[in-house]
Number of protein chains: 2
Amino acid sequence: MSGKREQNKRKNRQAILAAAQQLFIQRGFEKTRIDDLARSAGIGKGTVYSYFASKEEILLELIANMRIKIHQQFSDNNDANAPVTAQLMTLFMCQFDFVENNPELARIMLRESMFPDKNTVEQRNQVDIKYLNTVSAILYQGQQRGELRGELDLLTCTLQMYSNYLTIISGWFIGYTRDHADVRDCLQRTILLSLSGCASEPFAEQYKTNTPHQNFYLNLRCKD
Amino acid sequence: MSGKREQNKRKNRQAILAAAQQLFIQRGFEKTRIDDLARSAGIGKGTVYSYFASKEEILLELIANMRIKIHQQFSDNNDANAPVTAQLMTLFMCQFDFVENNPELARIMLRESMFPDKNTVEQRNQVDIKYLNTVSAILYQGQQRGELRGELDLLTCTLQMYSNYLTIISGWFIGYTRDHADVRDCLQRTILLSLSGCASEPFAEQYKTNTPHQNFYLNLRCKD
DNA sequence: CTAAAAAGTTGACTGCGGTCATTTTTTCCG
DNA sequence: CGGAAAAAATGACCGCAGTCAACTTTTTAG
């Protein structure tokens, strides 16, 4: 019976995540004590720390799992032939729904995701990249259909669209937007602006560049 | 001598900030204990908390003060007639210099600034708005000079430019950009993209909107 | 099967941010 | 002045995240 150990480890890890899901959502992240969480998972406090490096790590893995599910839902329902704006709106609003329903948890995730400290787990990062890849794919299709300029640098463009989303979310946290409809409107606005550009005619042309990105060390996949 | 109390309060507050500046920068935020900070300021630990609500509040006020100085430096040196791109680059790179030199402190500030929790001090927010106003002013001048489209919604445009900056900074924290030159390049790129737009000719026109923003409850001042 | 080694579990303990009852200083006013 | 009231300072204390030496379970190998 050499699988006993592995089996137990999987069970414990799941138990911790399940307890965390229950407690973090029900009672809140700050108000949940690790001791309670451990008790609820049927293990000792110290054991928790042989599975996760910190309380926050538990939350981040939990959220990463949720975000993968959300992404799956998007993929299942998205119409890849819809206009770029529509697809981006759908993708971003799916994410915002989660943020709106779990502001405390999402806030911690967003903080860590945008401004991580050194000891970040690579894997969690992958969920963000999954979303960036999706944006990238949407834009690439837009290029193929002629909606977007063909010589665009996709990476810059992807970053900008995602950054539009993050800033609107940030505005929501700060209190500049009140409800779902506000967020939707603002998001639509910035996306449209990104598409149409700020410059006036004579200038716009000269601002167009097509040299590829070389200083942002991230490779996105725009094709499945 | 009825001013004794007021005078002392001002002195203590300054002493705390001075000690914080020294210790947070020298030894780091995490590694500085409140007890040490209090000792260094010549007061008791409890007293610190009658001036600041938390360790983080001290840091945030400290940084807010630094950012005001940085902004002053920018104002003093900025050429208001330079092209929009140049002015924005100068403004953002001034800020990045601070971030680069104090990553730990800046990280905490950026996290709190973008995704604050409920009990945020209004005053600190004002520094961010100061910067947004500056961006707004730069863009407004650009409009006046004909560089930017006159019917642009300044708020949306301002948010987008600032969000370009924040995302590049975020990329730097994550490790997607390595050095000062990378950041500069990427920033330039996204700004140019914001100016020229992503859409191809026939589409670009129809994405242009000129209805003013109504769902983002922030009023910027684009004129001094 | 047994015993030693390896892997995993545990809760008492540590360190630090933040609190609060007590003490000290300052102000007010007769 | 003096002494009462108000304001401020203080450090012992608390709660909780995270550690670690002791202990238990599982695996390995002879």
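Would you check which residues across the stretch B:36-48 are near DNA strand D (Cβ under 8 Å from one of its atoms) and open to solvent by less than 100 Å² (accessible area, probe 1.4 Å) and list them? Across the stretch B:36-48, the qualifying residues are B:ALA38, B:GLY42, B:ILE43, B:GLY44, B:GLY46, B:THR47, B:VAL48. How do the pairs read when you match residues in the stretch A:139-167 that are within 23 Å of A:GLU205 (Cβ to Cβ) with residues anywhere that are open to solvent by 30 Å² or more (accessible area, probe 1.4 Å) and of a type in the set (D, E, K, R), using Cβ under 6 Å and keeping only pairs 6 or more apart or on different chains? Short answer, once both residue conditions are applied: A:THR156/B:ARG189. Within the stretch B:165-224, can you find the residues that are closer than 19 Å to A:TYR162 by Cβ, facing chain A (nearest Cβ under 7 Å) and in a loop (DSSP other than H, G, I, E, B)? B:TYR176, B:THR177, B:GLY197, B:CYS198, B:PHE216 - these are the residues of the stretch B:165-224 that are closer than 19 Å to A:TYR162 by Cβ, facing chain A (nearest Cβ under 7 Å) and in a loop (DSSP other than H, G, I, E, B). Scan the stretch B:85-101 and tell me whether some residue there is open to solvent by less than 30 Å² (accessible area, probe 1.4 Å) and either in the same structural domain as B:ARG10 (by TED's automatic domain parsing) or of a type in the set (Gly, Ala, Ser) (or both). For the stretch B:85-101, residues open to solvent by less than 30 Å² (accessible area, probe 1.4 Å) and either in the same structural domain as B:ARG10 (by TED's automatic domain parsing) or of a type in the set (Gly, Ala, Ser) (or both): absent.
Determine if the stretch B:22-33 includes at least one residue that is more than 10 Å from DNA strand C (Cβ to nearest atom), open to solvent by less than 50 Å² (accessible area, probe 1.4 Å), within 14 Å of chain A (Cβ to nearest Cβ) and in contact (Cβ under 8 Å) with a residue 12 or more places away in the chain. There is at least one residue in the stretch B:22-33 that is more than 10 Å from DNA strand C (Cβ to nearest atom), open to solvent by less than 50 Å² (accessible area, probe 1.4 Å), within 14 Å of chain A (Cβ to nearest Cβ) and in contact (Cβ under 8 Å) with a residue 12 or more places away in the chain.
Condition first: in contact (Cβ under 8 Å) with a residue 40 or more places away in the chain and within 13 Å of chain B (Cβ to nearest Cβ). Can you find one or more residues in the stretch A:59-71 that meet it?
Scanning the stretch A:59-71 turns up no residue that is in contact (Cβ under 8 Å) with a residue 40 or more places away in the chain and within 13 Å of chain B (Cβ to nearest Cβ).
Before we move on, is B:ALA53 more than 11 Å from DNA strand D (Cβ to nearest atom), among the hydrophobic types (A, V, I, L, M, F, W, C) and surrounded by 18 or more Cβ atoms within 10 Å (Cβ to Cβ)? No, not satisfied.
Take the residues of the stretch B:1-21 that are surrounded by 14 or more Cβ atoms within 10 Å (Cβ to Cβ) and closer than 20 Å to B:ILE108 by Cα: which is nearest to DNA strand D (Cβ to nearest atom)? Walk me through how you get there before you give the answer.
Within the stretch B:1-21, the subset surrounded by 14 or more Cβ atoms within 10 Å (Cβ to Cβ) is B:12-13, B:15-17, B:19-21.
So of that shortlist, the ones also closer than 20 Å to B:ILE108 by Cα come out as B:16-17, B:19-21.
Working: B:ILE16: 10, B:LEU17: 14, B:ALA19: 13, B:ALA20: 16, B:GLN21: 19 Å.
Going through the qualifying residues, I end up with B:ILE16.
Based on what the data block shows, is A:GLY150 part of a loop (DSSP other than H, G, I, E, B) and more than 7 Å from every other protein chain (Cβ to nearest Cβ)? Here the answer is yes, as A:GLY150 does meet what is asked.
The values are calculated or read from the model by the stated rules, or taken from the named source; none is laboratory data. Quick caveat, the model's predicted, so the values are computed rather than measured. Cβ coordinates were reconstructed from backbone atoms using ideal geometry, including for glycine residues, and neighbour counts include every protein chain displayed. To get the accessible areas, we keep the full protein, side chains included, count just its heavy atoms, and leave off ligands, DNA and RNA. Shrake-Rupley method; radii C 1.70, N 1.55, O 1.52, S 1.80 Å.
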